[in-house]
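First up is the structure itself, then whatever we jot down about it.
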Amino acid sequence: MQNIKAVIFDIDETLINRKEAFLRLCDYLIDKYAKDYPFEGSKEELINYLVEIDANGYGGLNLIIPKLSRVWKLPHTTQEFIEERNSIFGKLTTTFPETYEVLDKLKGKYKLAVITNGYSSVQREKISTVQLEDYFDDIIVSGEEDFEKPDPRIFWLSCEHLGVKPEEAVFIGDYYPNDIAGALSAKIMPIWISEDPDEHMEYQGIRVKRLKDILEYL
């Protein structure tokens, strides 16, 4: 791509495998609490329900305990659950197999950055756990700012930190409402990681199935 100077990434389900980390969190909770607080149904059914109500991070943390109580009554208030989840979740992080290969090939060729929504401590611990910090010239976590994706201001802030114009940057992400729509609103070219060709068919930009596929364009 001509005139592109910076590549900005989302992290969850873009560079790191959040789905796998959440399954690890489920195992942690079951191992810790199931003996004293039995749940209804099988372990598989419980995990499937947890995955459903988590909705890949978009189900609302404050809703997990009220919904979970239908099948598993944990000894937590909503706030206590959030605090325990936040204390452990970052440590459970794992990357996709091609993450380091892709970043190695882009490092030095472009300025690299991250924009991620979420709690500051959790998101930064995710990045630290899988040792990604040194790849990036800038890391923005919405929990440290007054706005979050898809607000165009958070994209512009990243460009400002990198010393590039929006039209000189590319944004890589998986979640259309926050990542792709947000980048478009900021006049930044998005590359959308999506395995479903029928999702948001109005989108006419670059769509790839896996992270490594972005190397065809960068």
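Taking the numbered list (1) out of contact with any Lys or Arg (no Cβ under 6 Å at 6 or more places or on another chain); (2) free of Cβ contacts under 8 Å to residues at least 12 places away in the same chain in turn, Trp156 passes all entries but (2).
Within region 172-193, no residue that is in the same structural domain as Ile11 (by TED's automatic domain parsing) and on the phi > 0 side of the Ramachandran plot sits with its Cβ atom under 9 Å from a residue that is in a loop (DSSP other than H, G, I, E, B) and crowded, with 21+ Cβ neighbours inside 10 Å at 6+ positions apart or across chains. When Ile206, Ile139 are checked against the criterion of being buried (at least 21 other Cβ atoms within 10 Å of the Cβ) and either more than 16 Å from Ile4 (Cβ to Cβ) or among the β-branched types (Val, Ile, Thr) (or both), a single residue qualifies: Ile139.
In the set Lys19, Lys43, Lys73, Lys67, only one residue is touching a residue at least 12 places away in the same chain (Cβ under 8 Å), surrounded by fewer than 17 Cβ atoms within 10 Å (Cβ to Cβ) and closer than 21 Å to Lys126 by Cβ; that residue is Lys19.
Condition check for Gly41 on (1) in a helix (DSSP H, G or I); (2) farther than 26 Å from Tyr175 by Cα: one failure, at (1). Of all the numbered requirements in (1) more than 30 Å from Lys107 (Cβ to Cβ); (2) under 23 Å from the mean Cα position of the chain (by Cα); (3) not in a helix (DSSP H, G or I), Asp36 misses one, and that requirement is (2). Here is the figure for region 1-57: residues that are at pLDDT 95 or above, acidic (Asp, Glu) and within 16 Å of Lys67 (Cβ to Cβ) total 3.
Scanning region 171-182 for residues that are within 20 Å of Lys212 (Cα to Cα) and crowded, with 23+ Cβ neighbours inside 10 Å yields Phe171, Ile172, Gly173, Asp179, Ile180.
The values are calculated or read from the model by the stated rules, or taken from the named source; none is laboratory data. Just so it is clear, the model here is predicted, and its values are computed rather than measured. For neighbour counting, all protein chains shown are included, and Cβ atoms are generated from backbone atoms with ideal geometry for every residue, glycine included.
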